[in-house]
């Protein structure tokens, strides 16, 4: 561990989907937080959180959850983070660390900074881990093992802020993650390439297949080869979360989508004109990328730890 545990006396988690519940599991399993409070806007989710024993306190409001907390994690869809932060801003104690787990950083950083008082430390974050599952039952402590967490700190050099950034990094390290620091706008461009565009492609391919009149939906499901099955797994991800990601990171996504469209047109021409050498060169280059992903230990978004689901 990077530091003596517990790292935080009270951890507040706002939103309890896959990531929020996995943070709770991880903090409980490692002892990274002495007390865990969770708030979710859904009464049904709050009831399930209590049944699963994910928290020491299942709060009725976000303000109640963050009261006394020295680490607050917003794990809601990205467009809901600003509203959630405003709802509990006056209850945040001075010196608390406020972070998030959203896949978009520039817009979220702005929303958090505007919503919370200057007396707290805003350190946006993004764990690059997940499955297509959602809800309180989806979480497991090992989700972050050997996965990257990117922090996008503010441009501050004061000792108190730098210490807060390091404490948050230590928290993620305790949960098994590797931590990287990055500029927020660069993060959004990188994630547009590695996550957002692939999800957009998956949603579109599965939607196209479902809409085809010549091939029935039953045939699509029955005869799906491995590649299409992979696309359906990605396309099963939480629709609210991904709607918000595309709307809040639209500039970076549209930039990468434009480049992708140009490359797709070039690929179409190569197929049309029988340019086998061009196809072979592309497939060879992309094969090497795949080998690099495997070598980096990032070949699976859901590592198999023989975990148990809640419930």
Among 73, 220, 253, which one shows the biggest mean-square fluctuation in a GNM of the chain, springs joining Cα atoms closer than 10 Å? 220
Could you work out how far apart the two model spin labels at residue 183 and residue 259 are, taking each label as a point 7 Å from the Cα in the direction of the beta carbon, and quote it in nm? 1.5 nm
Compute the acute angle (0 to 90°) between the alpha-carbon long axis of helix 18-30 and the principal axis of greatest extent of the alpha-carbon atoms of the chain; round to the nearest 10°. 50 degrees
In a Gaussian network model over the chain where Cα atoms closer than 10 Å are linked, find which of 121, 140, 228 has the largest mean-square fluctuation. 228
Just the projected area, averaged over all directions, of the convex hull on the alpha carbon atoms of region 8-182: how many nm²? 8.5 nm²
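What's the FRET efficiency of residue 51 with residue 4 using the Cβ-Cβ distance as r and R₀ = 30 Å, to the nearest 0.05? Spell out each step's value before the answer.
Details: r = 32 Å, r/R0 = 1.07.
Step by step, r from the Cβ atoms, then E = 0.40.
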Report the Cα centroid-to-centroid distance between region 171-199 and region 277-295 in angstrom, as an integer. 23 Å
With angles folded into 0 to 90 degrees, how steeply does helix 43-52 sit against the dominant principal axis of the chain? Use alpha carbons for both and round to 10. 80 degrees
Counting only helical runs of four or more DSSP H residues, what would the 222 nm mean residue ellipticity of the chain come to if each run contributes -39,500 (n - 2.57) and the total is spread over all its residues? -15500 deg cm²/dmol
Provide the FRET efficiency to the nearest 0.05 for the residue 163-residue 288 pair, computing r from the beta carbons and using R0 = 51 Å. 0.80
Given bins 5 angstrom wide, list per bin the percent of all Cα-Cα distances in region 186-295, short to long. 2, 10, 15, 17, 21, 19, 12, 3, 0
With Cα atoms, 0 to 90° folded angle of helix 197-211 axis to the chain main axis: 60 degrees
Separation of region 39-93 and region 12-38 by C-alpha centroid, Å? 11 Å
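Quick note: the coordinates plus some simple rules give every number you see, no bench work behind them. This is a predicted model, so every value here is computed, not measured. Virtual Cβ from ideal backbone geometry, glycine too; neighbours counted across all protein chains shown.
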